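Asker: Supplied in structure tokens, the structure appears directly below.
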Amino acid sequence: MDIGLTRNAMGFSVAIVAVVVLAVTASTASAQPPITGTSVTTFSESFADEPFRCEDEIYEQTVSGHTVVNFTYFPDTGALQFHDVTHLEVSAVPLDGTGTTYTGHGWFSDNETIKSVKAGELLIEQDTDFDHLVARGSDGSRVFASFHAHFTMNANGELSVQFEKTAEVCA
């Protein structure tokens with residue numbers, strides 16, 4: 001499963017939410033209450049164009065689940081808090097019909113806080129992403145994949161914290 005494709009879809013969701021919030025609040029007066037929103041979507045997709053984790057051969061993969069997106073926008077300060085989380089179930093069957101079949105579950109999470117500082121000249125931001133996948137093979141094997149990334153942009157426009165940790169265990 002390509003976490004990058006899922007992450008790109010979530011990034012697109014963030015962009016849409018930001019544009020909607022900015023459009024709604026373009027003529028906002030001061031002392032406005034926060035604007036909040038929640039969206040829940042379900043999905044199901046199948047593809048057979050890449051290997052499953054820890055394998056070299058092409059797999060027919062089916063992924064289904066749901067995504068919850070929450071945001072809170074503060075018109076007085078321009079701050080935006082954004083959170084989305086996706087829970088999924090996955091099955092992966094070798095395209096040629098031989099080899100190990102996998103079933104598993106996972107979740108992806110993105111938390112962002114964006115604030116305007118210095119009279120709107122700079123944005124400070126914190127962004128934390130977590131991805132987690134666990135699958136069991138028909139032969140008793142296990143796959144564990146984890147991704148954790150974080151960055152903080154401070155009020156001076158400098159990247160003050162940044163890290164990325166990735167783990168994959170095939171047993």
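Asker: Working out 0.36 nm times the residue gap between LYS165 and SER39, then minus their Cα-Cα distance, what length gain in nm do you get to one decimal?
Answerer: Details: separation 126, 0.36 × 126 = 45.36 nm, distance 2.88 nm.
Extra length available between LYS165 and SER39 comes to 42.5 nm.
Asker: Would you mind ranking CYS54, CYS170 so that the residue whose beta carbon has the fewest other beta carbons within 10 Å leads the list? Display every interim value, and only then the final one.
Answerer: Values: CYS54 18, CYS170 12.
Starting with the residue having the fewest Cβ neighbours, the order is CYS170, CYS54.
Asker: Find the relative contact order for segment 37-171 and round it to a whole percent, using C-alpha pairs within less than 8 Å whose residues are 6+ positions apart. The partial results should precede the final answer.
Answerer: Values: 353 pairs, mean separation 21.7, N = 135.
It rounds to 16 percent for segment 37-171.
Asker: Which value in nm describes the separation of the simple spin-label points at PHE74 and HIS132, placed 7 Å from the Cα toward the beta carbon?
Answerer: Modelled inter-label distance: 2.9 nm.
Asker: Next up: In segment 69-102, which chymotrypsin sites (Phe, Trp or Tyr not before Pro) are in a loop and have at most 10 other Cβ atoms within 10 Å, using DSSP for the loop call? Please report the intermediate quantities before stating the final value.
Answerer: Details: sites: PHE71, TYR73, PHE82, TYR102; in loops: none.
Within segment 69-102, no chymotrypsin sites (Phe, Trp or Tyr not before Pro) qualify (loop, at most 10 other Cβ atoms within 10 Å).
Every number in this text was worked out from the coordinates using simple rules, so none of it is lab data. Just so it is clear, the model here is predicted, and its values are computed rather than measured. Counting neighbours? That spans all protein chains shown, and the Cβs are built from the backbone with ideal geometry, glycine included.
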